[in-house]
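The values are calculated or read from the model by the stated rules, or taken from the named source; none is laboratory data. Just so it is clear, the structure is predicted and the values come from calculations on it, not from any experiment. Reconstructed Cβ throughout: ideal geometry from the backbone, glycine too, with neighbour counts over all protein chains shown. The protein model used for the area step is the full one, side chains on, heavy atoms only, and it has no ligands, DNA or RNA in it. Shrake-Rupley method; radii C 1.70, N 1.55, O 1.52, S 1.80 Å.
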Amino acid sequence: ENLFLSGLTPMEKKLAEYKCNTNEAIHLKLVRFPEDLEDENTTFNPEYSHQVFGDDEVAFGYKGLKILLYYIAGNLSTLFRIEYTSKVNEKFDCVEADDVESKIREIIPPGFCTNTDDFVSLLEKEVNFKPFGMLLHTYSIHNEEAGEDITYQIYKADMTCPGFREYHERLQTFLMWFIETASFIDVDDERWNYFLVFEKYNKDGATLFATVGYMTVYNYYVYPDKTRPRVSQMLILPPFQGEGHGAQLLETVHRYYMSSPTVLDITAEDPSENYVKLRDFVLVKLCQDLLCFSPVKLMQGFSQEMVTEAQQKLKINKQHTRRVYEILRLRATNMGDAEQSRSYRLDVKRRLIGPYKKKQRELAKMRRCLRPEEMANQLNQIDLNLQREQLEESFQQLVSDYRRVLERLAQA
């Protein structure tokens, strides 16, 4: 910091003091009780704010900037306030402070509170809030802190549920802060399905519901009479992350579609690394008892039978079934046995090399047009060595990911 400041004019130094990191400035909160408002422990910050504040994730013009976005835990009624210790003014060499308020207003729906008293009086009405749609699944997780089991429920909702459209508008603003490439969806398209997770909690003897997270799924039409649901966005809110809700949600969604004869299989749009790990775990858990994945059959290699059974019974597509096979085969393989381990390695690498080979063919074609033959051969040789290293690296990475899935499975 100081090194950076040392080369600046006094004016530039002064201006540099008025830059705030927006990931730190934004204070998010899910409020159940009035005392949560004052409790620092209930505050969390965004992982991303570049979609709202630009790639630098900086707001200029304020010292001690705080952007408060507080939500009532269940229906997500919002308190939005901006606080700061000082702000640049015109005297300051004609520089203007960023209009932080209008940037936030672009992503949060109108109808928010701007003062705490209004917000607290809304909090008293929260007892009337009930989850939207149809209950699909109830589960409980033991909470160490509370020393008791907490109950969670997953619902499937749609835009015909009274109040859901407005609630969804408030809910989706969280995507901006926690999904790197988030975008808001067209809610008037009826092919969207919404799956919501809620926690049940007690307040003054009444049972209330708090929002935990959600998933949106788009139903693609497949000729002539099937659909292929595609998971679009999934978010478990930070206070609930790491407790297993993502796995519960994904498994519940799979089970919901499994019961539908018109669904072909389930896919995902541009999945994050974390989502892939989650999906591996859930799909392996669903598949491990299928007959086609018995240890004997795993050792015979990937088969059409696996593809068919996983698709028909569990709505899992071919690509994902292949990963499930590799994970379950790893579990059935004694990696200490040279023959077994070699056979496993070759099997996985054969799949990994597919895209390389295709690229290789394309490069070879290009080079035939561009360069003398012997040069091309040398280059191919260099490529092959590099390729072997990359392949080995990909393989090792994959195996360590797979082992983590198997560890989690052993604990489930």
Partners for LYS315 among aspartates and glutamates (Cα-Cα distance below 17 Å; same-chain residues under 8 apart left out): ASP225, GLU251, ASP265, GLU269, ASP280, ASP289, GLU305
Whole-Å semi-axes of the ellipsoid equivalent to the range 181-232 (Cα gyration tensor, √5λ, descending): 33, 13, 9
Net charge over other residues, Cβ less than 13 angstrom from the Cβ of GLN153 (K, R count +1; D, E count -1): +2
Per-residue HN-Hα couplings for the range 311-326 [Karplus 6.51, -1.76, 1.60; θ = phi - 60°; Hz; x = Gly/Pro]: 6, 5, 8, 10, 6, 9, 7, 4, 4, 6, 4, 4, 5, 4, 4, 5
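Remind me, what semi-axes does the chain give for its equivalent ellipsoid, largest first in whole Å, using sqrt of 5 times each Cα gyration tensor eigenvalue? Spell out each step's value before the answer.
Details: eigenvalues 392, 223, 82 Å².
Working from the Cα gyration tensor, I get semi-axes of 44, 33, 20 Å.
How much accessible area per residue does the range 130-331 have, counting only protein heavy atoms and a probe of 1.4 Å, in square angstrom? Please report the intermediate quantities before stating the final value.
On the way: 9260 Å² over 202 residues.
Roughly 46 Å² per residue, with all protein chains present.
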Extension gain, ASP401 back to ALA364 (0.36 nm per residue minus Cα-Cα distance, nm): 10.0 nm
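Using only the alpha carbons of the range 158-264, what is the convex hull's orientation-averaged projected area in square nanometres? Working shown, then result.
Values: hull surface 33.6 nm².
Taking the Cα atoms of the range 158-264, their convex hull projects to 8.4 nm² on average.
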Top of LYS19, LYS318, LYS203 by mean-square fluctuation, Gaussian network on the chain, Cα under 10 Å: LYS203
Coarse-grained scattering of the range 15-126 at q = 0.13, 0.20, 0.21 Å⁻¹, given as base-10 log I(q)/I(0) from a Debye sum over alpha-carbon atoms: -0.52, -1.08, -1.16
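For the range 130-331, which whole percent of the accessible surface, found with a 1.4 angstrom probe, sits on carbon and sulfur atoms?
For the range 130-331, the apolar C and S fraction of the accessible surface comes to 48 percent.
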Residue among GLN51, GLN241, GLN300 with the largest mean-square fluctuation in a Gaussian network model of the chain, springs linking Cα atoms under 10 Å: GLN300
Per-residue HN-Hα couplings for the range 402-412 [Karplus 6.51, -1.76, 1.60; θ = phi - 60°; Hz; x = Gly/Pro]: 4, 5, 4, 4, 5, 4, 5, 5, 5, 8, 5
Over the chain: helical MRE at 222 nm, DSSP H runs n ≥ 4 each giving -39500 (n - 2.57), nearest 500: -14000 deg cm²/dmol
Angle in degrees between helix 116-125 and the longest Cα principal axis of the chain, rounded to the nearest 10: 60 degrees
HN-Hα J in Hz across the range 175-182 - Karplus 6.51, -1.76, 1.60, θ = phi - 60°, x for Gly and Pro: 4, 4, 8, 10, 10, 4, 10, 5
Length-normalised contact order of the range 130-331 in % [C-alpha pairs under 8 Å, at least 6 apart]: 14 percent
Nearest 10 degrees, 0 to 90: helix 245-258 Cα axis against the chain principal axis: 60 degrees
GNM top mover of LEU237, LEU386, LEU122 - the chain, alpha-carbon springs below 10 Å: LEU386
